[in-house]
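Q: Attaching a single structure in structure tokens format; questions to follow.
Throughout, read-outs are computed from the coordinates displayed, never taken from laboratory work. All values derive from a computational prediction rather than experimental measurement. Cβ atoms come from the backbone with ideal geometry, glycine included; neighbour counts cover every protein chain shown.
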Amino acid sequence: MQSDSWFLRAQEVISGGVNSPARSFAAVGGANPPVMREGRGSRLFDVEGRSYIDYLAAFGPLVLGHAHPRVVEAVERQVRRGSLLGTPNDLEILLAEELVRSLAGVDQVRLTTTGTEAVMSVIRLARAVTGRSLLVKFEGTYHGHSDAVLTRAGSGVATGGGGDSLGVPAGVSQDVMTLAYNDLPAFETLMQGRGREVALVLTEPIVGNMGIVLPKPGYLRAVADISHRYGALLAFDEVITAYRFRYGAIAEELGVVPDLYALGKVIGGGLAQGAYGGRRELMQYVAPLGGMFQAGTLAGNPLSAAAGLATLSVLREENPYPRMERLTSLLAQAILASAERHGIAVSVNRVGSALTLFFGKTPVVDYETARLADATQFSRFHGGMLEAGIYLAPSRFEAWFVSAQHTEDDINETIRAVDAAFGKMTSR
Ligand SMILES: Cc1ncc(COP(=O)(O)O)c(C=O)c1O
């Protein structure tokens with residue numbers, strides 16, 4: 001059956017045809033997204049057998065590409081031993097030990113099933129520890145889909161509208177302040193006024209959800225110092241960044257260790273996995289030791305732990321980071337050179353193996369500037385790339401991810417496709 005027929009069926013029985021709005025093509029012209037059947041190495045294959053070089057990486061987790069043999073083997077071994085035990089199990093303990101070993105400032109963790117739950121729990125924990133209610137976060141970051149974090153959010157929330165969601169009670173929003181990212185004076189002013197009410201300052205240290213946006217030099221250090229001056233906790237949402245750019249958190253490389261981390265994506269190796277953690281004295285507040293409740297039927301399941309452990313082992317042993325970074329840098333440079341040849345104004349934000357291409361002249365440093373990027377041009381570019389067999393996230397607010405299984409040939413094929421897509425954009 002044709003991909004379009006599958007998607008028609010999807011639209012009958014799945015609201016919008018997608019189980020997560022960021023997968024929809026509504027923001028890139030509204031065509032039917034190809035319905036996929038398989039992922040192998042650096043490629044996706046749709047139900048018609050057409051292959052695509054994949055830069056979506058399932059929105060980040062697939063740092064080792066699709067179906068990495070070590071991950072497949074670990075999952076196969078565990079599934080025969082049971083996918084869910086509902087008791088403490090050896091693999092969840094091994095995964096927790098590995099996280100504690102490799103994350104600065106983390107003595108203990110709790111495993112969750114998604115990044116959303118990890119962030120939700122971090123917020124509740126900070127409120128439990130401080131006895132305060134106010135959450136401070138930043139425009140264009142995305143922290144999952146719990147009520148507290150759905151104001152002026154990035155990723156699918158930004159793509160589909162203004163970054164807000166219907167259905168979030170005013171009573172929830174009144175305890176949340178959302179400020180511009182990278183705007184230190186705005187943060188200082190807020191903290192001077194309300195710092196003693198703030199339980200948690202929450203941010204992606206490098207933002208991946210309004211496209212890649214890097215912190216200005218000194219910004220995160222200052223945010224940490226000011227937060228602590230007023231007795232607020234600082235959490236980094238490293239659901240995208242941890243183990244994606246280096247083995248461990250990006251926090252350490254940025255020289256700022258937060259009080260709490262939220263984790264997900266890579267640490268599940270493609271299966272459902274989140275985690276949060278921090279110093280022992282903070283984690284003692286979590287039930288059953290303390291009074292902050294958090295739970296999960298699937299939390300710490302051995303199948304996800306097996307996939308996560310296998311992924312972390314490969315990353316630790318093979319250190320693919322320098323190679324992934326080199327390929328991504330080549331790609332970024334080629335995109336810029338091609339855009340210049342075609343007279344198209346673009347900027348590229350890149351960190352390690354992730355980049356975002358923005359259409360427009362203005363450098364992107366926050367949500368305001370990210371929103372200036374031209375949506376129509378992105379949509380045409382996305383269509384051209386898809387035609388050439390290159391799968392990009394269907395939104396100008398997402399990243400391209402290069403995996404450890406992308407080859408130089410993949411990158412060269414992508415560069416040719418970029419050049420052709422730019423060519424088409426200027427010839428019409
Ligand atoms: C930074 C960040 N935090 C949290 C989440 C939510 O994770 P999940 O989709 O696993 O609930 C995401 C998902 O994209 C994310 O990018």
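Q: Would you mind telling me which residue in Ser20, Ser403, Ser173 has the biggest mean-square fluctuation in a Gaussian network model of the chain, where springs connect alpha carbons within a distance under 10 angstrom?
A: Among Ser20, Ser403, Ser173, the largest mean-square fluctuation in the Gaussian network model of the chain belongs to Ser20.
Q: To continue, here is another question. Give me Tyr391, Tyr285, Tyr247 sorted ascending by neighbouring Cβ count inside 10 Å, so fewest comes first.
A: Tyr247, Tyr285, Tyr391
Q: Next question. Using amide H atoms built in the peptide plane, which far-off residues or other-chain residues are under 5 Å from Gly248 H to H?
A: Result for Gly248 returns Tyr243.
Q: Looking at the range 251-308, which trypsin sites (Lys or Arg not before Pro) are DSSP coil and have at most 16 other C-beta atoms within 10 Å of their C-beta?
A: Filter output for the range 251-308: Arg279.
Q: Also, quick follow-up: Return the FRET efficiency for the residue pair Thr426, Thr189: r is the Cβ-Cβ distance, R0 is 35 Å, and the value is rounded to the nearest 0.05.
A: For R0 = 35 Å, the calculated efficiency reads 0.20.
Q: Additional query: Kindly flag which residue pairs out of Lys216/Lys361; Lys361/Lys424; Lys216/Lys424 have an alpha-carbon separation exceeding 24 Å in this structure.
A: Among Lys216/Lys361; Lys361/Lys424; Lys216/Lys424, the Cα-Cα distance tops 24 Å for Lys216/Lys424.
Q: At a Förster distance of 60 Å, what's the computed FRET efficiency of Tyr230 paired with Asn412, Cβ-Cβ distance as r, to 0.05?
A: So the FRET efficiency works out to roughly 0.70.
Q: At a 10 Å Cβ-Cβ cut-off, how would you order Ile14, Ile335, Ile344, fewest neighbours first?
A: Ile14, Ile344, Ile335
Q: From the C-alpha coordinates alone, can you work out the Kirkwood hydrodynamic radius of the chain, in Å?
A: When all Cα pairs of the chain are included, the Kirkwood radius is 22.1 Å.
Q: Now for a different question. Can you tell which of Asp259, Asp225, Asp366 shows the greatest fluctuation in a Gaussian network model of the chain with Cα springs below 10 Å?
A: Greatest mean-square fluctuation among the candidates belongs to Asp225.
Q: Run lengths n ≥ 4 of DSSP H only: what is the helix-derived mean residue ellipticity at 222 nm for the chain, with -39500 (n - 2.57) per run over all residues, to the nearest 500?
A: After summing the helix terms and dividing by the residues of the chain, the value is -12500 deg cm²/dmol.
Q: Test of understanding: ordering Glu38, Glu317 by Cβ neighbours within 10 Å, fewest first, what list do you get?
A: Glu317, Glu38
Q: Would you mind telling me the antiparallel percentage of the DSSP bridges in the range 169-271, rounded to 5?
A: 10
Q: Report ³J(HN,Hα) in whole Hz for each residue of the range 119-127, in order, from the Karplus equation J = 6.51 cos²θ - 1.76 cosθ + 1.60 where θ = phi - 60°; Gly and Pro get x.
A: After applying 6.51 cos²θ - 1.76 cosθ + 1.60, I find 5, 4, 6, 4, 5, 5, 5, 4, 5 Hz.
Q: With an 8 Å Cα cut-off and a minimum separation of 6 or more residues, compute the relative contact order for the range 26-81 in percent.
A: 26
Q: Additional query: Over all directions, average the projected area of the Cα convex hull of the range 109-194 and note it in nm².
A: Mean orientational projected area (the range 109-194, Cα hull): 6.5 nm².
Q: What percent do you get for the relative contact order of the chain when only Cα pairs under 8 Å and 6+ apart count?
A: This gives 23 percent for the chain.
Q: Right, another one. Say R0 is 60 Å: what FRET efficiency, to the nearest 0.05, do Lys216 and Arg40 get from their beta-carbon distance?
A: 0.90
Q: Pop out the ³J(HN,Hα) list for the range 9-19 in order, Karplus 6.51 cos²θ - 1.76 cosθ + 1.60 with θ = phi - 60°, rounded to Hz; leave Gly and Pro as x.
A: Here the 3J(HN,Hα) series is 4, 4, 5, 5, 10, 10, 4, x, x, 10, 8 Hz.
Q: So how much slack lies between Val168 and Val13, counting 0.36 nm per residue of separation and subtracting their Cα-Cα distance, in nm?
A: This chain segment gains 53.3 nm when fully extended.
Q: Also, quick follow-up: Using Cα pairs under 8 angstrom and six or more residues apart, how large is the relative contact order of the range 69-317, in percent?
A: 31
Q: Express the Stokes-Einstein translational diffusion coefficient of the range 69-317 in µm² s⁻¹, to the nearest whole number, given a Kirkwood radius over alpha-carbon pairs, 20 °C and a viscosity of 1.002 mPa s.
A: So the translational diffusion coefficient is about 117 µm²/s.
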